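Single-structure report; data block below.
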Amino acid sequence: MLAGLIGTLALACHVAGIAAAIHAVMHVRTPQGAIGWMLALIFVPYFALPPYLFLGSSHFHGYTQVQRLRSRQTRPAPWPGRGEYLAKHPPRPECARYRAIGRMLGARFHGGHRLRLLIDGAATFAALFDAIGQAERQVLVQFFIIHDDALGRRLQQVLLERAAAGVHVCVLYDSIGSHALPRHYVDTLRRGGVDIRPFATRRWRNRFQLNFRNHRKIVVVDGWRGFLGGLNVGDEYLGLKPPLSPWRDTHLEVQGPAVADLQRSFARDWRWATGEEAPFMPPRAGPGTASVLTVATGPADPQESGSLFFVEAIHAARRRVWLTTPYFVPDQAVLAALRLAVLRGVDVRILLPARPDHRMVFLASTLRAHEAIRAGVRLYRYQPGFLHQKVLLIDEDTAAVGSMNLDSRSFRLNFEITALAVDRAFAGEVEAMLAADFARSRAVDLAEYRHAPFLRRLAMHLVWLLEPVL
């Protein structure tokens, strides 16, 4: 009886494995990923089926369908004076070389922005808490990670104070990134009048759905002060948790019409998470000269917009590509763009962390770094602490600050947001910041891989097989 039951269950598992293998062949985006899943699901379905349920899906259709339906039902009118303002502050002519990025995203550059570079956690959260503390009508907050620690409780307190003052406060957090956030933290905010919701990409099995995470970091105050970048809310982002401290990161404050794009990105995610419309306030004129394109990418896009953003930006470079990322696991398209930039004579430098926070990703990143060095890319490892910033510098006039890493998750599986800014003065600030970072780094050569122990090199290549889901 028991043997018959076990045999039936084993047969059912193999049938389900074959069905899942067919699904993988039809739907997994890369041949390597499809082959890997197919073999595992056919030969070891007992072990492969559970992770495939949570990691195998590479498309996210429901979000797109809901947004299209709701956008047809409710189309918010432009803010008063929008046309006049945009006509008065056209984008810089240099923005034309990034036209393909705007067409891909259905977005456009806007001129007349004031930008403020925020270097590391202390400066970032001082600016954020100051802006929130001055809010008069509305605060929108979105983070991938919120911790219930000293920094998280500071955020909680300032939000409760503004809600008590009658400010409309909306908070969105990712349910996996913030899985450790205790219920009492959320309940305290709700009792205090803060509308706080989790972003869940599935109505079922979300707790174990590791794909399609909302990695965006957005704060908008009264519709005219916007913040985005690499920092989440936790003490480690202030460099208070060894062994990764000091924590190196970068955020950005934006004033100008791009803040309306930040609000729209928040509103799309808010609709998906709540079924409700998020409040909108028109931005004010930014007393600055920068042109900004808001690059909001995600798995619901019809194309792999994260990867294509980097490809097009790198192709636009004629003299310099400086790039910083904590996770360097680029796909072949981005790696080819970097190789071609080197062949054009472009100064291509990439700054990576010297310390790992995720060991498997670090191993894969080390292997990719070796490939890049062989192609003529100059690689550096930041020495003082962990490097988490996501910054791109193109030539003398373009810089990007945001949440996108150079890995498959940011390219295809996560919701991300970045500001692409064209302005010589701002690019000069970013250049000075990165030059200081490179000065605190050591150059990487081929010996990092070649002189590594055999077992470590073997581990790099084994982890490389998992690259599509790292």
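Every number here is computed from the coordinates shown, using simple stated rules; none is lab data. None of these values were measured; they are calculated from a predicted model. A quick note on method: Cβ atoms are made from the backbone with ideal geometry, for glycine too, and the neighbour counts reach across all protein chains shown.
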When DSSP assigns beta bridges and you keep just the ones with both residues in the chain, what percent turn out antiparallel, to the nearest 5? 65 percent
Anisotropy class of the range 119-257 from Cα gyration tensor, a/c 1.5 cut: rounded
Separation of alpha-carbon centers, the range 210-261 and the range 95-116, rounded to whole Å: 21 Å
Among beta bridges that DSSP assigns inside the range 305-469, antiparallel share in %, nearest 5: 60 percent
Neighbour-count ranking for F227, F415, F454, F125 (other C-beta within 10 angstrom, fewest to most) reads F454, F125, F227, F415
With each pseudo-label sitting 7 Å past Cα toward Cβ, what's the E431-D149 distance in nm, one decimal? 3.6 nm
Run the simple label-point estimate for A100 and I42 please: 7 Å along Cα→C-beta, distance reported in nm. 3.7 nm
If you take the Cα atoms of the chain, find Rg, then find the Kirkwood Rh from the mean of 1/r over all pairs, what is Rg/Rh? 0.98
Between R191 and A122, how many nm apart are label points set 7 Å from Cα along the C-beta direction? 3.5 nm
Give me the dipole magnitude in Debye, nearest 20, for the chain about the Cα centre, with unit charges on the beta carbon: positive for Lys and Arg, negative for Asp and Glu. 620 debye
What full-extension length gain, to one decimal in nm, is calculated for I6 and H358 as 0.36 nm per residue of separation minus the Cα-Cα distance? 122.9 nm
Provide the per-residue ³J(HN,Hα) series for the range 107-124, in order, calculated from phi with Karplus coefficients 6.51, -1.76, 1.60 and θ = phi - 60°, each as a whole number of Hz, with x at glycine and proline positions. 10, 8, 6, 10, x, x, 10, 9, 10, 10, 7, 10, 9, 6, x, 4, 5, 5
Karplus-derived 3J(HN,Hα) from phi for the range 321-334 (6.51 cos²θ - 1.76 cosθ + 1.60, θ = phi - 60°), whole Hz, x at Gly and Pro, runs 9, 10, 9, 10, 7, x, 10, 9, 10, x, 7, 5, 5, 5
So how much slack lies between H14 and R319, counting 0.36 nm per residue of separation and subtracting their Cα-Cα distance, in nm? 104.3 nm
